[in-house]
Amino acid sequence: MHSRILTLATACGAALLAPAALPAADARPSDIQAQATTTVASVSAETSVPSRLSRLSRPSRHSQRKREVRAAELLAAVRGCRQISHGRYRTDEGAPASIPVCAQHGAVHWKADLDVDCDGRAGRHCNRRTDPVYQHATAHQQSDGRQLSAERLPYVVVPGASRIWSPARSGIRGGTVAALVHRNKVLYAVVGDSGPSGLIGEASYAAARGLGIDPDPVRGGAAGEVTYILFPGATARPIESHRAAAEAGRTAARKLLRRAD
């Protein structure tokens, strides 16, 4: 910053002290106009240096509202757990039931593993050949009636309703926006499918890939390193638009930070 100020001041001083250069006789009118404009801009730059530097050092309110929410901020906002599930979930068959569903500052959240879901519309990476438990349908469909594409759309799988917890009673429905946090990455997604009523911790092929997790439906996934944050009342329309999910997710995440502050 200091070297930049010195450079600006030196340049401006030079522009004021140096004699104005006369245009060459064969100079074109456009060249003369360009030289004059440059000289005026150089002189006016000196008077505007302090105010310009002060603007550069202080982010505008608009930029503060539009900046990306960091992973650490989201994790801090959902630190702790006010448990809303009547019991706990397993991450896999045979694993201990150790995962509660929590609520914090208007958001619903849990921390679990990430098993890769390839269900929905078949594609190159998600089909009966690549996934032995592949199913052609998802719990929620696109606006045109087709099944969701696990390859293209980052989506979260929530447990089926049970005595442990009913997602619908917490305002969680198809298209509800979510933020997935894995290490230092944040990925916005939607609720797109439902799974077994006793298991938790699953997201689509595209969600795993977006978080930098191996998306292979058989060998891929992550063990216990993913935080799922769902925002009841925040919905992506249409459900298949990841752009809509990202925009709604950023807004909901900023609101969560304000509530947690």
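Quick check on the range 172-185: of everything there that is of a type in the set (A, V, I, L, M) and in a strand (DSSP E or B), which residue is surrounded by the fewest Cβ atoms within 10 Å (Cβ to Cβ)? It comes out as 181.
Is it fair to say residue 191 is touching a helix residue (DSSP H, G or I) at 6+ places or on another chain (Cβ under 9 Å), within 20 Å of residue 111 (Cβ to Cβ) and either part of a strand (DSSP E or B) or not aromatic (Phe, Trp, Tyr) (or both)? The answer is yes for residue 191. Whether a residue is more than 23 Å from residue 236 (Cα to Cα), of a type outside the set (Asp, Glu), in contact (Cβ under 8 Å) with a residue 40 or more places away in the chain and in a loop (DSSP other than H, G, I, E, B) was assessed, and residue 138 does not pass this test.
Here residue 145 passes the criteria (1) on the phi < 0 side of the Ramachandran plot; (2) open to solvent by 10 Å² or more (accessible area, probe 1.4 Å) except the one numbered (1).
Of all residues in the range 212-228, those that are aliphatic (A, V, I, L, M), open to solvent by less than 40 Å² (accessible area, probe 1.4 Å) and within 21 Å of residue 96 (Cα to Cα) total 2. Evaluated against (1) open to solvent by less than 10 Å² (accessible area, probe 1.4 Å); (2) closer than 22 Å to residue 69 by Cβ; (3) of a type outside the set (Gly, Ala, Ser); (4) more than 17 Å from the chain's Cα centre (by Cα), residue 159 falls short on exactly one condition, (2).
Please verify whether residue 257 is in contact with a strand residue (DSSP E or B) (Cβ under 7 Å, 6 or more places away or on another chain) and either in contact (Cβ under 8 Å) with a residue 40 or more places away in the chain or of a type outside the set (S, T, N, Q) (or both), treating the condition exactly as stated.
For residue 257, the condition - in contact with a strand residue (DSSP E or B) (Cβ under 7 Å, 6 or more places away or on another chain) and either in contact (Cβ under 8 Å) with a residue 40 or more places away in the chain or of a type outside the set (S, T, N, Q) (or both) - is not met.
You will find that of 254, 209, 169, 243, the residue that is open to solvent by less than 50 Å² (accessible area, probe 1.4 Å), out of contact with any Phe, Trp or Tyr (no Cβ under 9 Å at 6 or more places or on another chain), among the charged types (D, E, K, R) and in a helix (DSSP H, G or I) is 254 and no other.
Looking only at the range 88-142, residues that are open to solvent by 50 Å² or more (accessible area, probe 1.4 Å), touching a helix residue (DSSP H, G or I) at 6+ places or on another chain (Cβ under 7 Å) and hydrophobic (A, V, I, L, M, F, W, C) come to 0 in all.
The values are calculated or read from the model by the stated rules, or taken from the named source; none is laboratory data. It should be emphasised that the depicted structure is a prediction, and the values quoted were computed from it without experimental measurement. We place every Cβ from the backbone using ideal geometry, glycine too, and count neighbours over all the protein chains shown. The area values use the complete protein model at the heavy-atom level, side chains included, leaving out ligands, DNA and RNA. Shrake-Rupley method; radii C 1.70, N 1.55, O 1.52, S 1.80 Å.
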